[in-house]
1. For the chain, find the longest principal axis of its Cα atoms and tell me its angle to the long axis of helix 14-25, 0 to 90°, nearest 10.
2. Taking a ≥ b ≥ c as the square roots of the Cα gyration tensor eigenvalues, with a/c under 1.5 meaning rounded and otherwise prolate when a/b beats b/c, else oblate, which class fits segment 14-214?
3. Angle check, please: helix 327-354 long axis (alpha carbons) against the longest principal axis of the chain (alpha carbons), in degrees 0 to 90, nearest 10.
4. For the pair residue 115/residue 12, report the inter-label distance in nm, with labels modelled 7 Å from Cα in the Cβ direction.
5. Once phi is turned into θ = phi - 60°, what whole-Hz ³J(HN,Hα) does the Karplus curve with 6.51, -1.76 and 1.60 give for every residue of segment 107-114, x standing for Gly and Pro?
6. Specify the angular offset, from 0 to 90 degrees and rounded to the nearest 10, of the alpha carbon long axis of helix 29-42 from the longest principal axis of the alpha carbons in the chain.
7. Classify segment 118-212 from the C-alpha gyration tensor, please: rounded if a/c falls under 1.5, else prolate or oblate depending on whether a/b exceeds b/c.
8. Simple spin-label model, 7 Å along Cα-to-Cβ: residue 196 to residue 323 in nm?
Amino acid sequence: FGLGAKVGKQPLDQNVVNKIAAGEIIVAPVHALKELLENAVDASSTSLEILVKDGGLKLLQITDNGHGINRGDLSILCERFTTSKLKAFEDLSSIGTYGFRGEALASISHIAHLTVTTKTKDSNCAWRAHYNDGKLVPSKPGQSADPKATAGRQGTQITVEDLFYNVPTRRRSFRSTSEEYAKVLDIVGRYAVHCSGVAFSCKKHGDSTAGITTPANATTIDRIRLIHGSPVANELVELSVQDEAYGFKAQGFASNSNYHVKRTTLLLFINNRAVESSSIKKAVEQTYSTFLPKGGHPFLYLSLNIEPSRVDVNVHPTKREVNFLHEDEIIERICDEIRVRLAGVDRSRTFMTQS
Ligand code: ADP
Ligand code: MG
C-alpha cells in the first residue's frame, strides 16, 4: 500500500549530489592529500609539512609556506568550480599548474570538516576559516561564520578532520589505517623526489621521527636516496630525451643493470602531475628484461613533459589518468634512451675490466 506513490522520480537534494560527486573524486585519504599537495606546490611553496592521524581518516594536515589566500577569497574558497587557475576553457590546453577545476576543496568540505588558516605577504595577520558542504561555518555553534584573525606565518595550513564522517559505509570500508598511511607516504614520496627546491616532511601523529624528510636543497639523487635508500641511489643512470616532432621532453633516473628487485618502482610524472601508466610500465619492464636476471625489476623516476595542447588531462575527475598524442612513439623513444644508457654502463664496466 502507498508504495507506488513513493517511488516517483525526484531530483536529488543538491548536498546529496555534491556528497556523491565528492566520494567519486576522493575514494581514500591519499586522494585528498594529493590534491592538497598539488595546491601547495601551485602556490610556489618551498616547504611542505604533512601530519597524518589514523591513516588520514582522523586527520590530514598540510602546512605550506606558499603565497597564501586573500581574505576576500575565503568566503567562496570551497564553492565548486571556483579556482584561481582557469578562466576560459581554452586555458585547459595551456595550463601549467596542477589544479584547474576548483573541485578539490569543495569536495573535501562535503565529506570532512575542513579548516583553512592562511596568510599572504601583504596581510598583517593570518585568517582562519571553517567549512562544511562548500560554505563557511562557525567553529562553534552560535558564533559567526566569518573568518577570524589569528597569528600565523605566511602560507597556508589546511586541516581535514574526520574524512567520510557522513559516509559511514565508506568509512567502514577501510580495513587498516596503516595501509592508508602507506599510500599517503607513497604519494608524498613521489612528490618529494620530483619537486626539487621544495622541502618535505610527512609524519604520523604521535611519532617522534618523520616518515619522510627531504631538505629543500637536496639533489634528485639525494631525494631518491632519502626515500628509497642507497642501494638504488648508488646504481642510477640519468635519462634525458626529447623530440620536437612529438612535442615531448623526458628526464629522469633509472636503475642500471647492477640493481634489481622483485617489483618495479615507477615514479611517473606527466607535466608535473603524478600519474599511473600501465603502458609505460609494461614497455619499461620489457626493455629491462634483456638487462636483468629473470624476475628482476627496475626502479625508474621519469618526468615527462608534453606540450599541453597534446595532452588530455580531462579524461576523469580524479585526473589520475592522462591521455596524450603519439603515446607509442614517445614510449619507444624513452625505452631507446634506457637501452642506450644501460648499454653504456655495461660497456664502461667491460672496458674497465679489460684495461
Ligand atoms: P584548483 O586547484 O583546481 O584551483 P582547489 O579546490 O584545489 O581547486 O583550490 C581552489 C583554490 O584555492 C585554488 O585555485 C587556489 O586559489 C586556492 N588554494 C587552495 N590551496 C591553496 C594553497 N595551499 N595555497 C594558496 N592557495 C590555495
Ligand atoms: Mg587543486
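1. 10
2. On the way: a/c = 1.22, a/b = 1.06, b/c = 1.15.
Rounded, because the longest to shortest axis ratio a/c is under 1.5.
3. It is inclined by approximately 40 degrees.
4. That separation, rounded to one decimal, is 3.0 nm.
5. Whole-Hz 3J(HN,Hα) from phi for segment 107-114: 4, 4, 5, 7, 10, 7, 8, 10.
6. 80
7. Values: a/c = 2.48, a/b = 1.19, b/c = 2.09.
Oblate is the answer for segment 118-212, as a/c is 1.5 or above yet b/c matches or exceeds a/b.
8. Taking the two extended label points, one gets 3.3 nm.
Only the coordinates and a few stated rules stand behind these numbers; no lab work does. Small disclaimer: the values here were computed from a predicted structure and weren't measured. With ideal geometry, Cβ positions are generated from the backbone for all residues, glycine too; neighbour counts draw on all protein chains shown.
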